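The structure appears right after this line, and notes come after that.
Just so you know, all these numbers are worked out from the coordinates, no wet-lab data involved. Since this is a predicted model, take the numbers as computed values, not measurements. Here the Cβ positions follow ideal geometry from the backbone for every residue, glycine too, while neighbour counts run over all protein chains shown.
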Amino acid sequence: MANEVQPMEKGSPSPPVSGGATIKTPEPPAKEDVLLRMNKELGRALKKNEAQRKWVMVIDLRRCIGCHACTVACIAVNKLPPGIVYRPVTIQEKGKYPNVTMNFLPRPCMQCENPPCTQACPVHATYTNAEGIVVMDYDQCIGCRACIAACPYGARTYDFGGTYTEGTTNEETVVLGESRADDYERNINIEYGRKRVRTNKHSSPIGNVRKCHFCLDRIHNGVLPACTTTCIGRATYFGDADDSTSLVSELLAKPNVGQLKAEFGTKPRVYYIL
């Protein structure tokens with residue numbers, strides 16, 4: 001229609017006013033990506049003493065699409081063997097056909113402030129470090145698996161020493177340059193601040209219990225956890241809850257934030273936006 005008002009293009013100048021002058025519409029400020037913001041906040045937190053920072057993870061269940069990108073990234077970064085998953089994503093079907101929906105729940109270690117796993121360990125191989133993260137000492141662990149039974153979240157798994165190429169012959173093993181495919185699980189990895197070589201030798205996790213560690217080596221180098229950076233829906237947030245200006249502190253102040261099995265008194269440091 002001739003008299004229909006047409007929207008102006010973004011950033012285009014306003015119509016001339018009296019005197020021939022024009023007024024330009026200002027561009028709205030670009031919104032900073034949450035990853036960039038969290039990375040800056042991570043650097044700020046690392047300048048504080050260990051005891052003065054409180055690492056927490058906030059997962060927005062409304063944004064999780066169940067793509068398992070976080071799970072795959074965690075496996076790749078930690079070079080996890082078959083059967084070992086630090087960050088599973090559970091799937092729950094709700095409703096009745098044809099009104100069916102899917103709920104997804106990423107479930108890393110809850111990094112409890114009152115962890116039952118540390119209390120169950122008879123040799124103190126699992127403990128809470130100065131930053132409040134529950135860690136494993138592979139040299140101390142005797143593989144009794146008492147901590148697995150004590151964890152109400154199923155966040156711990158036992159390393160039986162398996163490989164992805166187990167049962168194949170040398171001829172069936174794919175050769176990648178000078179390294180065989182089954183070298184994947186034996187490559188040097190860094191867990192809990194130490195280099196690990198997955199063999200039956202000293203410091204190997206084989207025969208021990210393994211778990212999520214919030215990517216300690218990454219965050220100490222100013223890099224966010226792998227699950228946080230690879231989440232395509234920006235559903236996972238990480239930071240220092242003792243920083244009142246941090247993104248995670250803002251999220252924790254929302255009324256729709258909850259914890260998994262909080263009634264157990266474990267005081268999880270992983271929170272969920274419902």
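Any chance you could list P(r) for the range 34-273, counting all Cα-Cα pairs in 10 angstrom bins from zero, rounded to whole %?
Going from the shortest bin to the longest, the percentages are 7, 30, 35, 21, 7, 1.
Within a 10 angstrom radius of the beta carbon, how do T266, T101 rank from fewest other beta carbons to most?
T101, T266
Once amide H atoms are built 1.01 Å from N in the peptide plane, which residues 5 or more positions from R196, or in another chain, come under 5 Å H to H?
Amide H to amide H, under 5 Å and 5 or more residues apart or across chains, R196 pairs with N189, I190, E191.
If you average the C-alpha positions of the range 240-274 and of the range 213-239 separately, how far apart do those two centres end up, in angstrom?
About 16 Å separates the Cα centre of the range 240-274 from the one of the range 213-239.
I'd like the Karplus ³J(HN,Hα) series for the range 95-102: coefficients 6.51, -1.76, 1.60, θ = phi - 60°, whole numbers in Hz, and an x wherever there's a Gly or Pro.
Residue by residue, the range 95-102 yields x, 10, 3, x, 9, 10, 10, 10 Hz.
Given N residues in the range 40-118, what is its alpha carbon radius of gyration divided by 2.2 N^0.38 Å?
1.44
Can you pick out the pairs among K79/K211; K54/K211; K48/K261; K47/K261; K54/K254 whose Cα atoms lie more than 21 Å from each other?
Correct reply: K48/K261; K47/K261.
In whole Hz and in residue order, list the ³J(HN,Hα) couplings for the range 221-231 that follow from phi through the Karplus curve 6.51 cos²θ - 1.76 cosθ + 1.60, θ = phi - 60°; x for Gly and Pro.
With coefficients 6.51, -1.76 and 1.60, one gets 9, x, 10, 5, x, 4, 5, 6, 6, 9, 5 Hz.
Rank-order 184-191, 257-264, 150-157 by packing density, defined as the average count of other C-beta atoms within 10 Å over each peptide's residues, highest first.
Top to bottom by mean Cβ count within 10 Å: 150-157, 184-191, 257-264.
For the range 145-154, just list the computed ³J(HN,Hα) in residue order, Karplus coefficients 6.51, -1.76 and 1.60, θ = phi - 60°, integers in Hz, with x standing in for Gly and Pro.
Once θ is set to phi - 60°, the couplings for the range 145-154 become 6, 5, 5, 4, 5, 7, 6, x, 10, x Hz.
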